[in-house]
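Asker: Handing you a structure now.
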Amino acid sequence: MDSTGINILVAAYQDVTRADGWIRLAAPTQAVLRVLQLVGVNDLIDCRPTLREALTL
């Protein structure tokens, strides 16, 4: 994930939280999780280890 991906994710997060929504990532790789942590948005985005878990409300 590069800066474009981070910018899109942050913009999407801002949009969905204004609408009382949320973002959940399904099965992000360790590299993606590390980038989210480095940028400081890992606490804002719900990450689940599998697609099935991500789709469960």
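Only the coordinates and a few stated rules stand behind these numbers; no lab work does. Since this is a predicted model, take the numbers as computed values, not measurements. No Cβ is skipped: glycine too gets one built from the backbone with ideal geometry, and neighbour counts run over all protein chains shown.
Asker: May I ask you to list pairs of residues, at least six apart or on different chains, whose Cβ atoms are under 9 Å apart, with the first in region 10-36 being on the phi > 0 side of the Ramachandran plot and the second being surrounded by 12 or more Cβ atoms within 10 Å (Cβ to Cβ)?
Answerer: Filtered contacts from region 10-36: Ala27/Cys47; Ala27/Arg48; Ala27/Glu53; Ala27/Ala54.
Asker: Report the residue count in the chain for those that are part of a strand (DSSP E or B) and of a type outside the set (A, V, I, L, M). So that I can check it myself, show each step before the final result.
Answerer: Filtering the chain down to residues part of a strand (DSSP E or B) leaves 24-26, 46-48.
Narrowing further to those that are of a type outside the set (A, V, I, L, M): 24, 46-48.
Number of matching residues: 4.
Asker: Another one. Of all residues in region 1-44 being among the charged types (D, E, K, R) and surrounded by 13 or more Cβ atoms within 10 Å (Cβ to Cβ), which is farthest from Leu57 (Cα to Cα)?
Answerer: Taking region 1-44 and keeping what is among the charged types (D, E, K, R), we get 2, 15, 18, 20, 24, 34, 43.
Adding the requirement that they be surrounded by 13 or more Cβ atoms within 10 Å (Cβ to Cβ) leaves 24, 34.
Values: Arg24: 10, Arg34: 25 Å.
Checked region 1-44; the qualifying residue farthest from Leu57 (Cα to Cα) is Arg34.
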